[in-house]
Amino acid sequence: TQSTWGGTFLFNRMLARVSRRVAHCSKRFCQTTTDLDPASAGLKKAFQLLESGQGIKAVTTELKSLLHQFPHHVRVMITYADACKISGDYDAAISSLSTALRVSLTKRDQMTSYECLLLRAETYQRMGKLAEAKKDLDDLVALAPEYALASERLGHLLLQYAEITPDSRIQMLTEAQIAFKRAIDAYNDPKQYQPEAHPSTYCGLGQVLMKLNKFPEAIEALNKACEPKPAYIPAFHFRSVALMADKQWDEAMMDLTTFIEQFENYYKVSPELAPGMSSESLLSDAVYRRGICRTNRGDLEMAIIDFGWVIELQAMYVPEAFFRRAKCYLDREEYWKAIDDATSSLRLDASNVGTYQVRAAAYVKVGKPDKAAEDTRMYQLLHRQKLFKSL
């Protein structure tokens, strides 16, 4: 799960954060202008619509009308593009940002051109056009290597790229590691007047290091992500993955418990998730992992409760949760419960080789040698097939 939702999840959270930042900057610009010119007055009106609960569609319509009146006003173009991006009209956002970029370059407005490149890259990434996004971010980093946010975004993009380009996976991960470290150095440079690195930056670095199997270094980076107060809750989930890989079961269980306890409050406020990832799926992942930690600690009773919770959520890992709960019941000598859970697991996923072995062991204990022999034969057959495919 770390590989399927980690990088995308973080990037989506930051997309939303940047969207709010741009909206806040535009709003502040309107509020601090004493004699509002018509374009600024229009921007202020758009934000008043948003504050009154009109919704993003009403704001986008207002901004589109304003853009027709002021087709070369850069702040109007950027704000309109941001609204389009939030509402899902990515083509309109790209068009507006491209025009704003050309105008800002003509005016030699360096910082605004950086902002346009950054926002356009983020929009391309939402569209799934990773190559175009990477080009914009590469250009931005080349123009402003000290711009921490650009390096941070490039790191997350390369992390996502690594998931879909197996042939260049190591190269992409190595470049992502360099980008994250460059971002952290820039954030920490007092001469740059930039904010401290956001915990998601350290989470990104931790993700890269985990994928490179550098678990102690990953844990060190994720420790940084878990330090801020109030807590950056996703960091505890990511760190638990690294701790489990390092077989630090107690520490991983504590992180997962923190994540689970804070889950509902955190995701009510910050609901951004990776595409296809529901809040129930994310919670299931954490509870399932905690069940594994408790199993490895020998706390079978609490592990059974966690696996039962995963089954109730019906989001992900349901066959696996039945299988692992069956193993717990087998170790607790509750053989019929083990058989029931193993059967439920196989009904959902008949390819899980180990489930046949668990059920066979339980059948032996309840005096069903024929059924045990049948499951043993299935286990041996599937195991041989699995070995053959791996050759």
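So which of Arg359, Arg324, Arg347 ends up being at negative phi, in contact with a Pro (Cβ under 9 Å, 6 or more places away or on another chain), part of a helix (DSSP H, G or I) and not small (Gly, Ala, Ser)? Write out each step before concluding.
Details: Arg359 fails: in contact with a Pro (Cβ under 9 Å, 6 or more places away or on another chain); Arg324 fails: in contact with a Pro (Cβ under 9 Å, 6 or more places away or on another chain).
Every option except Arg347 fails the conditions.
Residues that are under 24 Å from Tyr202 (Cα atoms), open to solvent by less than 50 Å² (accessible area, probe 1.4 Å) and among the charged types (D, E, K, R): does the range 138-151 have at least one?
So the first thing to find is which residues in the range 138-151 are under 24 Å from Tyr202 (Cα atoms), and the list is 138-151.
With the extra rule that they be open to solvent by less than 50 Å² (accessible area, probe 1.4 Å), the set shrinks to 140-141, 144, 147-151.
Adding the requirement that they be among the charged types (D, E, K, R) leaves none.
So far as the range 138-151 goes, no, none of its residues is under 24 Å from Tyr202 (Cα atoms), open to solvent by less than 50 Å² (accessible area, probe 1.4 Å) and among the charged types (D, E, K, R).
Residue by residue, here is whether (1) touching a residue at least 24 places away in the same chain (Cβ under 8 Å); (2) among the basic types (Lys, Arg) holds:
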{"position": "Val310", "(1), (2)": "yes, no"}
{"position": "Met316", "(1), (2)": "yes, no"}
{"position": "Phe322", "(1), (2)": "yes, no"}
{"position": "Ala326", "(1), (2)": "yes, no"}
{"position": "Thr355", "(1), (2)": "yes, no"}
{"position": "Lys365", "(1), (2)": "yes, yes"}
{"position": "Thr376", "(1), (2)": "no, no"}
{"position": "Tyr379", "(1), (2)": "yes, no"}
{"position": "His383", "(1), (2)": "yes, no"}
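State which residue is nearest to Val208 (Cα to Cα) when the search covers only the range 121-169 and only residues that are small (Gly, Ala, Ser) and in contact with a Phe, Trp or Tyr (Cβ under 9 Å, 6 or more places away or on another chain). First the steps, then the outcome.
The first filter runs over the range 121-169 and keeps only residues small (Gly, Ala, Ser), leaving 121, 128, 131, 133, 142, 144, 148, 150-151, 155, 162, 168.
Going one step further and asking which of them are in contact with a Phe, Trp or Tyr (Cβ under 9 Å, 6 or more places away or on another chain), we end up with 131, 133, 144, 148, 150-151, 155, 168.
Values: Ala131: 20, Ala133: 19, Ala144: 23, Ala148: 18, Ala150: 17, Ser151: 14, Gly155: 9, Ser168: 14 Å.
Ranking the candidates gives Gly155 first.
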Practice task
Looking only at the range 58-89, count how many residues are of a type in the set (Phe, Trp, Tyr) and crowded, with 18+ Cβ neighbours inside 10 Å.
Solution key: 1
Fill in the blank from the handout: When restricted to Tyr363, Tyr329, Tyr379, Tyr288, the only residue of a type in the set (Phe, Trp, Tyr) and at pLDDT below 95 is Tyr379
Practice task
Identify the single condition in (1) more than 19 Å from Asp255 (Cβ to Cβ); (2) at pLDDT below 95 that Ser281 does not satisfy, given that it satisfies every other one.
Solution key: (1)
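Name the helices (runs of 4 or more DSSP H) wholly inside the range 119-234 in which the number of residues that are without any contact (Cβ under 8 Å) to a residue 12 or more places away in the chain is 2 or more. Steps first, answer last, please.
Working: elements: 130-143, 148-164, 169-188, 199-211, 215-226.
Ranges flagged: 130-143, 169-188, 215-226.
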Problem - Filter result for Ala252 (in contact with a Gly (Cβ under 8 Å, 6 or more places away or on another chain) and crowded, with 24+ Cβ neighbours inside 10 Å) - result: no
Exercise for the section: Determine whether the range 123-137 contains at least one residue that is touching a helix residue (DSSP H, G or I) at 6+ places or on another chain (Cβ under 6 Å) and among the hydroxyl-bearing types (Ser, Thr, Tyr). Expected result: yes
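Suppose we filter Ala197, Ala231, Ala186 for residues that are open to solvent by less than 80 Å² (accessible area, probe 1.4 Å) and under 25 Å from Thr257 (Cβ atoms); which single one remains?
Details: Ala197 fails: under 25 Å from Thr257 (Cβ atoms); Ala186 fails: under 25 Å from Thr257 (Cβ atoms).
Ala231 is the lone residue from the list that is open to solvent by less than 80 Å² (accessible area, probe 1.4 Å) and under 25 Å from Thr257 (Cβ atoms).
The values are calculated or read from the model by the stated rules, or taken from the named source; none is laboratory data. Only a predicted model underlies this, so the values are computations on that prediction, with no experimental measurement involved. Cβ coordinates were reconstructed from backbone atoms using ideal geometry, including for glycine residues, and neighbour counts include every protein chain displayed. The accessibility values were calculated without ligands, DNA or RNA, using every heavy atom of the protein model including side chains. Shrake-Rupley method; radii C 1.70, N 1.55, O 1.52, S 1.80 Å.
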